[in-house]
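The values are calculated or read from the model by the stated rules, or taken from the named source; none is laboratory data. These numbers were taken from a predicted model, which means no experiment stands behind them. Every residue, glycine among them, receives a Cβ derived from its backbone with ideal geometry; neighbour counts consider all protein chains shown. Each accessible area value is taken on the protein alone, full model and side chains, heavy atoms only, with ligands, DNA and RNA left out. Shrake-Rupley method; radii C 1.70, N 1.55, O 1.52, S 1.80 Å.
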Amino acid sequence: YPMARDEVATRLSSVRALVQAKDDDRPLVTLCSACHHVIKRVNGDMKNDLDIRTKVNNYLQLETPYAGETEVLHYLEVLRDKIGWNAVKAAVKKPLTGRKIGAYYGCLLLRPSREMGFDDPENPTILEDFIRALGAEPVYYALRNECCGGYISLKEKEMSGRMSCNIVDSAAGAGAEMLITACPLCMYNLNKSGSGKIPVYYFTELLAEALGVKEEALK
């Protein structure tokens, strides 16, 4: 997400996607925390910042100017708010009974909390509720909201490695047998730079398994 208010170019791809969703009269849903973070914050700019909105609309020359009308959702919000955990639980064909799973949130889903409005930034529950709906047991550990290092893993590999190792060690020490996350970069960092004590999965992998998706499709 571009922090500079006078930076317009890197907002354009998000706005194009938002406009497409508006034209289709649908919410815009993503599976990725980083994509969700950028798109939702850009949508907030288009809704609340007249200067940014004017510059973007002048550049794109849209038939109808865009002003943040699209609803932006992460897929976890769809499961929680549109479908409901009881309905998710009812759809499970292969409950993940007995598995102890740690939820890793990272930074981008939760902060800045006023703009994202996703969950309590200090004590989130959405991933733990997701784990319970699949029949598994969520494991709470100290570093579930801490940063894994993000893109500094490209330049400061040792620093990112230490941060990721601390997260994995914290989860394993609390009894987690695996971690799940909703961010591809977090998953990469934790798997590559983590201590390797426990595996890290994308949350949709566990959802597919619990819903009985065929093994060939999972591979």
What's the extension gain from Leu31 to Glu205 if we count 0.36 nm per residue and subtract their Cα-Cα distance?
61.5 nm
Short version: ³J(HN,Hα) in whole Hz for each residue of the range 107-117, in order, from phi by Karplus 6.51 cos²θ - 1.76 cosθ + 1.60 (θ = phi - 60°), x for Gly and Pro, what are they?
9, 6, 5, 9, 10, x, 5, 5, 7, 7, x
Proximal lysine pairs in the range 1-152, meaning Cα under 30 Å and 8 or more positions apart or interchain, come to 13
For the range 61-216, give the magnitude of the charge dipole about the Cα centre (Cβ charges: +1 Lys/Arg, -1 Asp/Glu; no others), in debye to the nearest 20.
520 debye
In whole Å, largest first, the alpha carbons of the range 71-111 cover along the principal axes 32, 24, 11
Which of the trypsin sites (Lys or Arg not before Pro) found in the range 35-125 are in a DSSP loop and have at most 12 neighbouring Cβ atoms, other than their own, within 10 Å?
Lys93
Restricting everything to alpha-carbon atoms, can you work out Rg to Rh for the range 4-78 with a Kirkwood hydrodynamic radius?
0.95
Dividing the helical contributions, -39500 (n - 2.57) per DSSP H run of n ≥ 4, by the residues of the chain yields a 222 nm value, nearest 500 deg cm²/dmol, of -13000 deg cm²/dmol
Gain in length, Leu12 to Leu154, computed as 0.36 nm per residue apart minus the alpha-carbon separation, to one decimal in nm?
48.6 nm
How far is it, in nm, from the label point at Ala87 to the one at Glu63 when both lie 7 Å from their Cα along the line to the Cβ?
3.2 nm
Between Asp120 and Lys47, the FRET efficiency computed from the C-beta separation at R0 = 35 Å comes out, to the nearest 0.05, as 0.90
Sequence-separation-based contact order of the range 110-178, relative, with Cα cut under 8 Å and 6+ spacing, percent:
24 percent
Enumerate by residue number the trypsin sites (Lys or Arg not before Pro) in the range 133-169 meeting two conditions: DSSP loop (anything except H, G, I, E, B), and at most 15 other Cβ atoms within 10 Å of the site's Cβ.
Lys155
P(r) for the chain, please, calculated from all Cα pair distances in 5 Å bins and given in %.
1, 7, 14, 17, 17, 15, 12, 9, 6, 3, 1, 0
Whole-percent carbon and sulfur contribution to the accessible surface of the chain (1.4 Å, no ligands, DNA or RNA) stands at 52 percent
Relative contact order computed over the chain (Cα-Cα under 8 Å; 6+ residues apart), in percent:
18 percent
Determine the distance separating the Cα centre of the range 106-176 from the Cα centre of the range 34-56; give it in Å without decimals.
26 Å
